[in-house]
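For reference, the structure discussed in these notes is given below.
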Amino acid sequence: MSELRTRSRWRRRIPFSAALAAGTAVLLLVSPASAVVPQTAAPGADTPADLGRLADEQTSVIEVVVADTTELDALVATGVDLDHHVHHTADGIVVHAVVTGNEVATLTRAGFTFGKVLHTEEDAQDRIAEREATIAAHLADNREFSGAAVAARSAASDVKIIRADYYTSGDTQVLSVEAKWAQGQTAATALTVERDSGPGTEFGSGGTQNITRFVDAGVYLYHRGAAQVTSRPDYVRITSPTGDVAVAKVHEWLPIPDTDPEGPGYQKDFVTSYLTPTELYDRIKAMSAQYPEISEIVELPHKTNGYRRKAQAVLGTANASRVGVDSLAWGHQGGNDITVELANPGTASASLTVTVTGNQVRVGLATDAAGTVTSTAAEVAAALNAQAGTLVSAYTYRGNAGTGVVAPAAPTALSDGLSAPTTVSRDPHTVYAIRIGKHRDGSKMGVLAYAQEHAREWVPPLVTIETAERLLRNYAHDANTRELVDNLDIWIAPSINPDGGHYSFYDFNSQRKNMTNHCTPETSGDFLGRTSWGVDNNRNYTEYSLFDGYSGASTSCTSGTYAGPDELSEPESRNVDWLASRPNVKFSMNLHSSGNYFMWSPGSYATPGRVSAPRPTLAEESLFWGASSRILTAIKRHRNLAVTPARTGPIADVLYSAAGNSGDMLWYKYGIYAWNFEVGTSFQPTWTSAREETMEFSNGLVEMLRVARDLDTDESAPTSSVEVATSATEGSVDVTFSTSEPAAVFYTLDGSRPTFESTLYGSGGIREGGETLTVPVGTTVHWFSVDAAGNVERGYQPDGQDDNYNRKRLTDPNAAPEVPVTVTVQTRCVAGKAYVAVQARNDHDAAVDVVLESAYGQRSVSAVAPGASAFQQFTTRAASVPSGSATVRATGTVDGESVTTVVTADHAAVNCAADPRQAQ
């Protein structure tokens, strides 16, 4: 675990000088409706580390009902693959598990209760088919359009204007044009739009603008673009590169309310189907090539282990007689060409032999005098390693002694089990990010968005693509977008886990983890365990991890939450760490699905007792909540769907422990305000739902950029106040602070000057407001507040010498109202004469009138400002004075009424002839 950054975060931000530059057959044996078992022990107490998933089983998303958070923690500790759904009901807590039939049986025997089946593998295949059909339909439309244009060139144009929309925003006029060209699938040529300048005017009189191709998943959809204009066009004309012409009338689009941050002409809706990691990377590369002045592609430093595996086979059916065989070469590099045969020689008393002919391995099994095969699994494995060890590695099944006699097997091809097309690289994969900003040198506040830590989550990457498109395509004509791009350094990584992403699309739709196999032949490293391999990238980070003793991750290589062999063991996780270590990055969003959650740190706790990682300070959590309100409001604007308060807050509060998650690393290690989206309600929803989720959560991601920009430009200091209530403790009052914005409050109760080393006002508890302080009546509290941008209330300098902090003398609210003043009276000697010095400091929050009285005179001072003092040194005209007192009358407005408070303070006697001291 790295060194933590907690309370000092607010101190670091103080801007003195330039400090702020800124369903299967097995499954059917366990009917969800009847899977209730007697619980003689706590659920999970005897759960094995390996839940028994086999590679050829189908997975489903099924409800699991637990009684309370203790049982939830026990379920998490089994390492079962859970999605991000936790729903509290009158009957207990309902969570969603991604499980096979064998896993359901194992967990049911361990005492867990299953409910409804929510999603099956067939549903995921439907999403794949839907995606392929969408792409095929687009391609067919392109072919039809192109063919029709060629066949009827004289009757129809090969270019068609789809939309021509004119918008206004204040003095800004915008024309947006969309058109389709028959050759757009293959030719990247931009189209030129000629504008007239109004009814009856010539084309070109209003100027021209270019529109460019919009390509999604390799499919050309149309040309689109927007530009500012100086007059409202009536018609536009496009002449295609082949000379065909299209003309269309310009329509005025309905105005957007002024409160909408998306101004007239704002372009969005840039995704039309799910995208594989290869397509995601192609998409951001195309964007950067089109907008090189405000974007660039960054290759992250750590390549993945690759979408690749050794070719494997498991020969036999009974565990004691099974033999596992792995190729030494990767499957795509020859391993898939290897075959292994276990042959009965058909003769008596035959010896065990191994013959290698090219890539064909033939094992002649040993027989006894009766011609019966006698070779055991252990013997066959040893023979293969000795005689075919340059091609394959063989072993008994999962640590079994291998004493069972093997069964003959026909030539069996080894396979890596991978079915992605050759366009998907089998080499270690570079992970790409697009960096957007006019100034990409680290001088601007950095913001990070990253997606697909978990491979099966197909919608979150689309949110990043949609957001990047919005930023780039709206830059030229939308002032709000330009403000963000000109002043922020925006990093967007659409797929952190490309290997797992490809595996989820082409091989195993429920894949959560990366593809790295840390299992051994003694565990589940054979071909039958292949869909259980991998590391959960979001459990592999450095802060409050499994290796630190925190809950919510597993040491089992087959667990859905396997944390890996060590922190940051995986290249995917090291890439996120590299991104987070950019010194200017202060805000981040980790996009996941599903569950419609919006969360932040702490994300981990230790059991028993659910002892969480350090909670943010009250001020920090106030900023999380305040910014979240803005972001969630932006999400809701799309279709009026809200992320509920119950699903908003620290991960450990609203979900379950996730030891070693990336959000905790960004917050505790790097001090980044790090949020987690949980998009939608399923991993791979229908496209209709996926598109809506993409649109609304892209709204939220753009709003996070606005939050970052607002913080960066915040020069307004907060204000704060103290609320005093009657306490149950006799002679005391209960005190709370409030602030005008998310801000930290530092205070003292002993009369000393408050600094950054003073007590920091804290939280009253989980998801509560500020704490309640109980202090004696008459205590004077001194305090100041400072916001996340480093602005200090009243311009006070905590590390300086000024005293313009807040102060208040605490009185019982049930007592008569008082004007709070602090009175001091001293006697002193000046040139042998005795003086009585009277001072009254105004502790009120408004100006007061003060009268200073002593036996030697009186002085009135009007409108003494808050924190200021009235002072008078009265001469006695004598060398000595007896002990006595002085009185101060302070008049001010309290709760709308004029109040006068009288305070009397004593002074000591002084004899300046005998004891010429200067003050007493």
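The values are calculated or read from the model by the stated rules, or taken from the named source; none is laboratory data. This is a predicted model, so every value here is computed, not measured. Positions of Cβ are generated from backbone atoms using ideal geometry, with glycine treated the same way; all protein chains shown enter the neighbour counts. Note: areas computed on protein heavy atoms with side chains; ligands, DNA, RNA excluded. Shrake-Rupley method; radii C 1.70, N 1.55, O 1.52, S 1.80 Å.
For the range 492-507, what are the residues that are surrounded by fewer than 24 Cβ atoms within 10 Å (Cβ to Cβ) and either touching a Cys at 6+ places or on another chain (Cβ under 7 Å) or not in a helix (DSSP H, G or I) (or both)?
Initial filter on the range 492-507 (surrounded by fewer than 24 Cβ atoms within 10 Å (Cβ to Cβ)): 506-507.
The one that is surrounded by fewer than 24 Cβ atoms within 10 Å (Cβ to Cβ) and either touching a Cys at 6+ places or on another chain (Cβ under 7 Å) or not in a helix (DSSP H, G or I) (or both): ASP507.
Can you say whether ASP843 is modelled with pLDDT under 90 and buried (at least 20 other Cβ atoms within 10 Å of the Cβ), as far as the supplied structure shows? Even if it seems obvious, please write down each step before you answer.
Values: modelled with pLDDT under 90: yes; buried (at least 20 other Cβ atoms within 10 Å of the Cβ): yes.
Yes; evaluated as a whole, the condition is true for this residue.
With the condition kept exactly as written, say whether any residue in the range 518-541 is farther than 29 Å from GLN125 by Cα and either crowded, with 23+ Cβ neighbours inside 10 Å or in contact with a His (Cβ under 7 Å, 6 or more places away or on another chain) (or both).
Yes; the residues of the range 518-541 include at least one that is farther than 29 Å from GLN125 by Cα and either crowded, with 23+ Cβ neighbours inside 10 Å or in contact with a His (Cβ under 7 Å, 6 or more places away or on another chain) (or both).
May I ask you to list pairs of residues, at least six apart or on different chains, whose Cβ atoms are under 7 Å apart, with the first in the range 371-395 being part of a helix (DSSP H, G or I) and the second being among the polar types (S, T, N, Q)?
The qualifying pairs are ALA377/SER321; ALA377/THR396; ALA378/THR396; ALA378/THR403; ALA381/THR396; ASN385/SER393.
Only one of (1) in contact with a strand residue (DSSP E or B) (Cβ under 6 Å, 6 or more places away or on another chain); (2) open to solvent by less than 10 Å² (accessible area, probe 1.4 Å); (3) basic (Lys, Arg) fails for ARG470. Which number is that?
(1)
Working only within the range 416-460, note down all residues that are among the hydroxyl-bearing types (Ser, Thr, Tyr) and open to solvent by less than 40 Å² (accessible area, probe 1.4 Å). Before you say what the answer is, go through the steps one by one.
Pass one, the range 416-460, residues among the hydroxyl-bearing types (Ser, Thr, Tyr): 419, 422-423, 425, 430, 432, 443, 450.
Answer for the range 416-460, where residues must be among the hydroxyl-bearing types (Ser, Thr, Tyr) and open to solvent by less than 40 Å² (accessible area, probe 1.4 Å): THR430, TYR432, TYR450.
Out of the residues in the range 43-58 meeting the condition of being out of contact with any Asp or Glu (no Cβ under 8 Å at 6 or more places or on another chain) and of a type in the set (A, V, I, L, M, F, W, C), tell me which one is modelled with the lowest pLDDT. It would help to see each step written out before you state the result.
Step one: list which residues in the range 43-58 are out of contact with any Asp or Glu (no Cβ under 8 Å at 6 or more places or on another chain), which gives 45-50, 54-57.
Those still in the list that are of a type in the set (A, V, I, L, M, F, W, C) too: 45, 49, 54-55.
Details: ALA45: 69, ALA49: 81, LEU54: 88, ALA55: 86.
Step by step, filter the range 43-58, then rank; the result is ALA45.
Inside the range 844-866, can you point out the residues that are in contact with a strand residue (DSSP E or B) (Cβ under 6 Å, 6 or more places away or on another chain) and on the phi > 0 side of the Ramachandran plot?
The one that is in contact with a strand residue (DSSP E or B) (Cβ under 6 Å, 6 or more places away or on another chain) and on the phi > 0 side of the Ramachandran plot: GLY857.
Give the residues of the range 762-778 that are at pLDDT 95 or above and among the hydroxyl-bearing types (Ser, Thr, Tyr), sorted by residue number. Quick ask: steps written out before the conclusion?
Taking the range 762-778 as the starting set, the residues that turn out to be at pLDDT 95 or above are 773-776.
Scanning the range 762-778 gives a single hit, THR774.
Return the only residue of VAL229, VAL298 being touching a strand residue (DSSP E or B) at 6+ places or on another chain (Cβ under 9 Å), of a type in the set (Val, Ile, Thr), more than 22 Å from HIS638 (Cβ to Cβ) and modelled with pLDDT under 95. Break it down stepwise before answering.
Working: VAL298 fails: modelled with pLDDT under 95.
Just one listed residue meets the conditions, VAL229.
Tell me which residues, restricted to the range 847-876, are open to solvent by 40 Å² or more (accessible area, probe 1.4 Å) and hydrophobic (A, V, I, L, M, F, W, C). Working first, answer last.
Residues of the range 847-876 that are open to solvent by 40 Å² or more (accessible area, probe 1.4 Å), as a first pass: 847, 849, 853, 855-856, 858-860, 862-863, 865-866, 869, 871-873, 875.
Of everything in the range 847-876, those that are open to solvent by 40 Å² or more (accessible area, probe 1.4 Å) and hydrophobic (A, V, I, L, M, F, W, C) turn out to be ALA847, ALA855, ALA863, ALA865, PHE871.
Just checking, which of SER727, SER721 is closer than 30 Å to VAL777 by Cβ, open to solvent by 10 Å² or more (accessible area, probe 1.4 Å) and at pLDDT 95 or above? Steps first, please.
Numbers: SER727 fails: at pLDDT 95 or above.
That would be SER721, the only listed residue that is closer than 30 Å to VAL777 by Cβ, open to solvent by 10 Å² or more (accessible area, probe 1.4 Å) and at pLDDT 95 or above.
Here is a yes/no grid of residues against (1) under 39 Å from the mean Cα position of the chain (by Cα); (2) surrounded by 15 or more Cβ atoms within 10 Å (Cβ to Cβ); (3) of a type in the set (A, V, I, L, M, F, W, C):
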residue: LYS180; (1), (2), (3): yes, yes, no
residue: GLN183; (1), (2), (3): no, yes, no
residue: THR186; (1), (2), (3): yes, no, no
residue: PHE203; (1), (2), (3): no, yes, yes
residue: TYR222; (1), (2), (3): yes, yes, no
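Looking only at the range 810-822, which residues are surrounded by fewer than 20 Cβ atoms within 10 Å (Cβ to Cβ) and not in a loop (DSSP other than H, G, I, E, B)?
Going residue by residue through the range 810-822, those that are surrounded by fewer than 20 Cβ atoms within 10 Å (Cβ to Cβ) are 811-818, 822.
The answer is THR822, and nothing else.
Is it true that some residue in the range 553-568 is open to solvent by less than 30 Å² (accessible area, probe 1.4 Å) and of a type in the set (Asp, Glu)? It would help to see each step written out before you state the result.
Filtering the range 553-568 for residues open to solvent by less than 30 Å² (accessible area, probe 1.4 Å) gives 553-554, 556-564.
Checking which are of a type in the set (Asp, Glu) leaves us with none.
No: the range 553-568 contains no residue that is open to solvent by less than 30 Å² (accessible area, probe 1.4 Å) and of a type in the set (Asp, Glu).
Does VAL406 satisfy the criteria of being aliphatic (A, V, I, L, M) and surrounded by 24 or more Cβ atoms within 10 Å (Cβ to Cβ)? Step through it out loud before you land on a result.
On the way: aliphatic (A, V, I, L, M): yes; surrounded by 24 or more Cβ atoms within 10 Å (Cβ to Cβ): yes.
Taking the combined requirement at face value, the residue satisfies it.
Would you pick out the residues in the range 577-609 that are open to solvent by 10 Å² or more (accessible area, probe 1.4 Å) and either assigned to a strand (DSSP E or B) or under 19 Å from GLY552 (Cα atoms) (or both)? Give the steps one after another, and end with the answer.
At the first step, the residues of the range 577-609 found to be open to solvent by 10 Å² or more (accessible area, probe 1.4 Å) are 577-578, 581-584, 586, 596, 606-609.
Of everything in the range 577-609, those that are open to solvent by 10 Å² or more (accessible area, probe 1.4 Å) and either assigned to a strand (DSSP E or B) or under 19 Å from GLY552 (Cα atoms) (or both) turn out to be LYS586, ALA606, THR607, PRO608, GLY609.
Could you please give the count of residues in the range 170-205 that are farther than 30 Å from HIS138 by Cα and touching a helix residue (DSSP H, G or I) at 6+ places or on another chain (Cβ under 8 Å)?
Step one: list which residues in the range 170-205 are farther than 30 Å from HIS138 by Cα, which gives 170-173, 196-205.
With the extra rule that they be touching a helix residue (DSSP H, G or I) at 6+ places or on another chain (Cβ under 8 Å), the set shrinks to 172.
Within the range 170-205, residues that are farther than 30 Å from HIS138 by Cα and touching a helix residue (DSSP H, G or I) at 6+ places or on another chain (Cβ under 8 Å) number 1.
List the residue pairs whose Cβ atoms are under 8 Å apart, where the first residue sits in the range 113-130 and is over 18 Å from ARG456 (Cα atoms), the second is in a helix (DSSP H, G or I) and modelled with pLDDT of 90 or more, and the two are 6 or more positions apart or on different chains.
Hits for this filter: PHE114/VAL104; PHE114/LEU107; PHE114/THR108.
Hey, ARG615 hits all of (1) open to solvent by 10 Å² or more (accessible area, probe 1.4 Å); (2) part of a helix (DSSP H, G or I); (3) within 22 Å of GLU771 (Cα to Cα) but one; which does it fall short on?
(2)
Within the range 49-73, can you find the residues that are farther than 14 Å from GLY560 by Cα and open to solvent by 30 Å² or more (accessible area, probe 1.4 Å)?
Residues satisfying the conditions are ASP56, GLN58, GLU63, VAL65, ALA67, ASP68, THR69, THR70, GLU71.
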